[in-house]
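What follows is a short report on a single structure.
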Amino acid sequence: MTLSFFASKDLRARLAWLRSVLPFAVFLGVLLYELSKFLFSPNLTENLHFFLDLVVYGTIGPVTIWFTINWISQRVEESEKALAAKAQAEREQERAVQAAHEQERLLATVCSNSADAIITLDNDGIIQTWNRGAEMIFGYSADEVVGKHFRIIIPPDIDSRGEVEWLANQVKQDGFIRNYETERIAKDGRRVGVDLTRTQLQNEQGEVIGSSAILRDITERVRTEQAIQKMNLELETKVAERTTQLASATETLRRRNVELERANQELQKLDELKSEFVSMVSHELRAPLTNINGSIELLLEGDAPCYDRQHRDLLHIVGEQSARLTRLVQGILNVSRIEAGHLVLQPQAFNIVGLIEKVIGVWESRDVSNPFEHPRAENLPSVWADRDRTEEVLFNLIDNAIKYSAEGTSIRIDAESNGKFMLVSVSDQGVGIPSDEVQKIFDKFHRVDRGDSSETYGHGLGLYICRRLVEAQGGQISVDSILGEGSTFRFSLPLAGRGEMELGGARRVSSGGRK
Ligand code: ADP
């Protein structure tokens, strides 16, 4: 009984125990007290008896009652606390259960409304659930497919390749398969590209109860990828074709180059031959021409009576034509020397104004009708150039100015320094040059076709030689012209000091350059 009191935590059981034991215990206590009083202290006075009774009954009774009630109130309190804690725990459990249900519902809503197909299968591959996404992708309603094997959405050719078994094995082996790209077939026979993730499902006991499959429609993506792949392939083919074409073009070009080089070499040889021939012929012509010129001069100087006016006129004509021929031969010789690199320049410092005056003097002695204007400035710096070649350039430019101007119109020669170069110009008021010809007149044998070429004698060599001579001395030559109003030819030559540093002493005019 005692044991059951301490063992039991149930308040009601404890109270029941107390109800039956307490009166008996009180009775036993009173009995023992009275007996002890009778046995051990029979001689006590009445008053002492009364005092003892008062102590025993007045103390033990209230103390027992106090302890009992106190004990009961403690137990009731404990019990209330336990009940409250239990209620609290129950409430929390209920809340947890509700939250779990809520999550489940949410998950179920997500699953059923997902745009991806979410399917659950049992261990035999029989469809258990089929969400809205699956309905949209494959066109089957849940009623049509739940309870059927998922082969219903596998294309026969893929099925015959054993994909169903392979997938089952993979899932069995690893527990899942992720992002497996394959094809499924919709209700209307349409093939759907899918990205499949399949996961094994287990119950709480760890037994495999089936699998879930999430299928994402990737038809569009696959189509785009295929298109890109196709484009890539086409591109690669085109690149390959182009590369082949390019290779063959390069080969053709290489062969052409070789041929061209060969032709060029032959041409060069021919050119050399031609130059040699021209040079030889010119040399051969120069000597007799000098003799003819000399003889005619002598004849004209002489005052032989056998020459009447007609004879003298004829001799003048012969002299003029012979002089022309001499100039042509001289020009050809110059060109072939320049092009063969045989023309040697002897640069020196000299006063350009002095040279201009000398050339003008030569022309004036020839009785030309055009008056000359020229610089008198004596404080111009010296130039660094080949004096004879510069004279040749000046002579040529003045010759042209006279040739292409009307009689009596003035010709102006100027010289000014810009600190680095001496700029020499020859201006006339002649026929001018058409703008489309301006660049070409410095080319070899180029003459402006004016429809009256018979009137102005020439060979198109003068300006070419001038250009080569000026450029060989580190200068440049150009022309400004207005058709019908006149032209200004300008050429530059380095100033002494600068030219010496850059050009040095005697040097050859190299071949090549513009034709
Ligand atoms: P050409 O012997 O024909 O004068 P050039 O080389 O000296 O050969 O001149 C080339 C061409 O430039 C000439 O045919 C001529 O038409 C043109 N030309 C040269 N100088 C002048 C000029 N001062 N005025 C007009 N045309 C000119």
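Worth a mention:
- Unique match (being more than 21 Å from E485 (Cβ to Cβ) and within 16 Å of the ligand (Cβ to nearest atom)) among I411, I441, I465: I465
- Going through (1) at pLDDT 90 or above; (2) out of contact with any Cys (no Cβ under 9 Å at 6 or more places or on another chain) one by one, S510 falls short only on (1).
- When segment 122-142 is filtered for residues that are polar (S, T, N, Q), in contact with a strand residue (DSSP E or B) (Cβ under 7 Å, 6 or more places away or on another chain) and either more than 16 Å from I152 (Cβ to Cβ) or open to solvent by 30 Å² or more (accessible area, probe 1.4 Å) (or both), the ones remaining, listed by number, are N123, Q128, T129.
- Looking only at segment 375-402, and only at residues there that are within 16 Å of the ligand (Cβ to nearest atom) and of a type in the set (S, T, N, Q), the one that is nearest to I356 (Cα to Cα): N396
- Residue count for segment 405-414, restricted to those that are surrounded by 19 or more Cβ atoms within 10 Å (Cβ to Cβ) and either polar (S, T, N, Q) or at pLDDT below 95 (or both): 1
- Check on I296, assigned to a helix (DSSP H, G or I), over 22 Å from L469 (Cα atoms) and either in contact with a strand residue (DSSP E or B) (Cβ under 7 Å, 6 or more places away or on another chain) or without any contact (Cβ under 8 Å) to a residue 40 or more places away in the chain (or both): yes
- Against the list (1) more than 16 Å from the ligand (Cβ to nearest atom); (2) open to solvent by 30 Å² or more (accessible area, probe 1.4 Å); (3) over 55 Å from the mean Cα position of the chain (by Cα), the condition I332 fails is (1).
- Residue pairs meeting the criteria (Cβ under 6 Å; at least 6 apart or on separate chains; first at positive phi and among the acidic types (D, E), in segment 457-483; second within 8 Å of the ligand (Cβ to nearest atom) and not in a loop (DSSP other than H, G, I, E, B)): none
- The criterion of being buried (at least 19 other Cβ atoms within 10 Å of the Cβ), at pLDDT 90 or above and not in a loop (DSSP other than H, G, I, E, B) does not hold for S478.
- One residue from K440, K420 being out of contact with any Gly (no Cβ under 6 Å at 6 or more places or on another chain), at pLDDT below 95 and over 23 Å from L333 (Cα atoms): K420
- Qualifying position, being within 18 Å of E485 (Cα to Cα) and touching a Ser or Thr at 6+ places or on another chain (Cβ under 8 Å), among I402, I398, I433: I433
- Of the set (1) part of a loop (DSSP other than H, G, I, E, B); (2) more than 11 Å from the ligand (Cβ to nearest atom); (3) of a type outside the set (A, V, I, L, M); (4) modelled with pLDDT of 90 or more, all apply to P494 but (1).
- Within segment 397-409, residues that are under 12 Å from Q429 (Cβ atoms) and of a type in the set (S, T, Y) sit with their Cβ atoms under 6 Å from residues that are near the ligand (Cβ under 7 Å from one of its atoms) and in a loop (DSSP other than H, G, I, E, B), at 6+ positions apart or across chains, in these pairs: Y404/G430; Y404/V431; S405/D428; S405/G430.
- Considered as a group, the residues in segment 106-121 that are more than 17 Å from I209 (Cβ to Cβ) and at pLDDT 90 or above include one that is most open to solvent (accessible area, probe 1.4 Å), and that residue is D116.
- Per-region count, segment 361-399, residues assigned to a loop (DSSP other than H, G, I, E, B) and within 27 Å of G474 (Cβ to Cβ): 9
- Residues of segment 114-143 classified as of a type in the set (A, V, I, L, M, F, W, C) and under 12 Å from D217 (Cα atoms), total: 7
The values are calculated or read from the model by the stated rules, or taken from the named source; none is laboratory data. Only a predicted model underlies this, so the values are computations on that prediction, with no experimental measurement involved. A quick note on method: Cβ atoms are made from the backbone with ideal geometry, for glycine too, and the neighbour counts reach across all protein chains shown. The protein model used for the area step is the full one, side chains on, heavy atoms only, and it has no ligands, DNA or RNA in it. Shrake-Rupley method; radii C 1.70, N 1.55, O 1.52, S 1.80 Å.
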